[in-house]
1. Taking region 235-277 only, how many residues are surrounded by fewer than 20 Cβ atoms within 10 Å (Cβ to Cβ) and either modelled with pLDDT of 90 or more or not hydrophobic (A, V, I, L, M, F, W, C) (or both)?
2. Looking at Leu212, Leu164 in this structure, which one is touching a Pro at 6+ places or on another chain (Cβ under 8 Å), closer than 15 Å to Lys144 by Cα and either aliphatic (A, V, I, L, M) or open to solvent by 30 Å² or more (accessible area, probe 1.4 Å) (or both)?
3. If you take the residues in region 144-153 that are in a helix (DSSP H, G or I) and out of contact with any helix residue (DSSP H, G or I) (no Cβ under 9 Å at 6 or more places or on another chain), which one is surrounded by the most Cβ atoms within 10 Å (Cβ to Cβ)?
4. Cβ contacts < 6 Å: first residue over 15 Å from Met272 (Cβ atoms), restricted to region 483-502; second residue among the hydroxyl-bearing types (Ser, Thr, Tyr), any location; separation 6+ or different chain. Result?
5. For Leu290, indicate whether it is open to solvent by less than 30 Å² (accessible area, probe 1.4 Å), touching a Cys at 6+ places or on another chain (Cβ under 6 Å) and modelled with pLDDT of 90 or more.
6. Is it true that some residue in region 114-122 is of a type in the set (Asp, Glu) and surrounded by 21 or more Cβ atoms within 10 Å (Cβ to Cβ)?
7. Could you count how many residues in region 238-255 are in contact with a helix residue (DSSP H, G or I) (Cβ under 7 Å, 6 or more places away or on another chain) and either in contact (Cβ under 8 Å) with a residue 24 or more places away in the chain or among the hydroxyl-bearing types (Ser, Thr, Tyr) (or both)?
Amino acid sequence: MLEVVRALTTRLDVAGIRYCQFKSNWHLDQGLLGLTDLDVLVEPHAGSRLSTVLGQSGYKSFSPPPGGDYPGVEDYLAFDAGTGRLVHLHLHHQLTTGAPHLKGHHFPWEELMLATRRRDEDSGFFVSDPSVELLFFLTRNTLKLGAKQRIKLLWGRDAVREGLTPEFLWLRGRANVDRVIELGRSLLGETAGPALTNILEAGPSLGRMLALRGRAMPVLRLYRMYTPLDALLQRRRRQLQSLHSKAGKRFPALAGAVARTDPRGGVLVAFMGPDGAGKSRLTTEVTRWLRWKLDARIMYFGSGDGPASLMRWPLKLVLRIAEALKLWAPTGQAGSAAKGEGSGASAPGEPRRPGFARAVWALVLAREKGQNLQRAWRARDRGIVVVGDRYPQHQVMGFNDGPLLNGWSRSASGLRRALARWESLPYRWAEAHPPQLVIKLRVSPEVAVVRKPGMHAEEIRRRLGALASLRYPAETRVVEVDADRPWEEVLIECKRRVWEIL
């Protein structure tokens, strides 16, 4: 069990709040380790006591994903500091279940679940009684049957048997069969007894599950939460939201939120550091970690190997050809004359005078940065976590994601001054709209040049000095992370810093 889960169970016990994992206990161990969800039923009317326990245990509430809003169910996440994993707690205040994209039934069995709960022998976590869980497992799955399962059966495949048998066998091996039948007759009606007995003896199949549903329908009908018309509308709404979410995951720039969001508002995080500090890798890994349960987007604000706009892509291609022909080399590398945002040829560290090619690059890059800033802040305002690989700044000119044409702002040419002003607009806007969290990655020049062969240590020092000089307003949290440490240590610390800001 992860420590953040253990802390929750301890505080629930101390507060006298009854709870139990009421379904899918056959992979309880995975849930306790943060590898899958925990579906926990809590007693009703715990109110402020429950809120206090969740807050003290490090659990934060998040809005459900599009199409995943169901009555009586809340989403909580917690961060385990020891492993860097997220724990997803599905907190159930009532037993809401039913057909996919609807869950239109409320089973009033909460007191039965909680009154018969027992502690798991290995973990001490409260779980449902296997007999009660088996009855609930069979009954709720009868409500999920539809045309899809019937069509598959026509092709000779019983999807119900394939899908339910493993968990059914696990539960039946731990349940009291006579107790299951007794509960079934009591809760679903006497007529459900023979159908339930048939399943317990022969196993679940489409025909046997449909028979149980038919016999139990007089009772199940009373558990419905919606009228037929309302149920149809609710289901279609959630189906459309789910389809929109799936499309948005493939084309995030064209969609809104596609997963859980932060009801307190999204956040914008920026990773800053010189080459060799691990910015891009950390950005990718932190975003992947968040995407397990949250809507998180990567936004690249640099000018190097990251994604480029359609306008800048041809320029990058020309630079690659020039580099292959030894006509150009990136900043700080042996033989380099300059980079698009780098140092001059005459003296390392001195900004060089913009020429025509550099001006074109700078203007296209500025337009791209402006577009990415708009996308990032639109996503952030919708509750999405935006993880930035770098962030534009207007304090250090000529490199480190600052304006490249600042030298033209004092030119005698009106055109050059105008172009310099236009180029500076997204950088000034970024200065006025800073991230909520800036993570400055400190790496020693010796380590950086090992990670990025060919880089000059002097160039690394120059960029580290520029990074240290950047200042942000008080509302921006700025943290420094020692990136010389082993990768896992750095990654866990960055995860922790991001979690704290959510």
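1. Looking only at that region, the number is 19.
2. None of the other options fit; the residue is Leu164.
3. Top of the filtered list is Ile151.
4. Filtered contacts from region 483-502: Asp484/Ser444.
5. no
6. Within region 114-122, none of the residues are of a type in the set (Asp, Glu) and surrounded by 21 or more Cβ atoms within 10 Å (Cβ to Cβ).
7. Count: 1.
One line per residue, one yes/no per condition, for (1) among the hydroxyl-bearing types (Ser, Thr, Tyr); (2) open to solvent by less than 40 Å² (accessible area, probe 1.4 Å); (3) touching a helix residue (DSSP H, G or I) at 6+ places or on another chain (Cβ under 9 Å); (4) without any contact (Cβ under 8 Å) to a residue 24 or more places away in the chain:
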position: Phe126; (1), (2), (3), (4): no, yes, yes, no
position: Val132; (1), (2), (3), (4): no, yes, yes, no
position: Trp155; (1), (2), (3), (4): no, no, no, yes
position: Asp158; (1), (2), (3), (4): no, yes, yes, no
position: Trp170; (1), (2), (3), (4): no, no, yes, no
position: Leu200; (1), (2), (3), (4): no, yes, yes, no
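The values are calculated or read from the model by the stated rules, or taken from the named source; none is laboratory data. Nothing here was measured: the structure is a model prediction, and the numbers come from that model. Note that we place each Cβ from the backbone using ideal geometry, even for glycine, and neighbour counts take in every protein chain shown. The accessibility values were calculated without ligands, DNA or RNA, using every heavy atom of the protein model including side chains. Shrake-Rupley method; radii C 1.70, N 1.55, O 1.52, S 1.80 Å.
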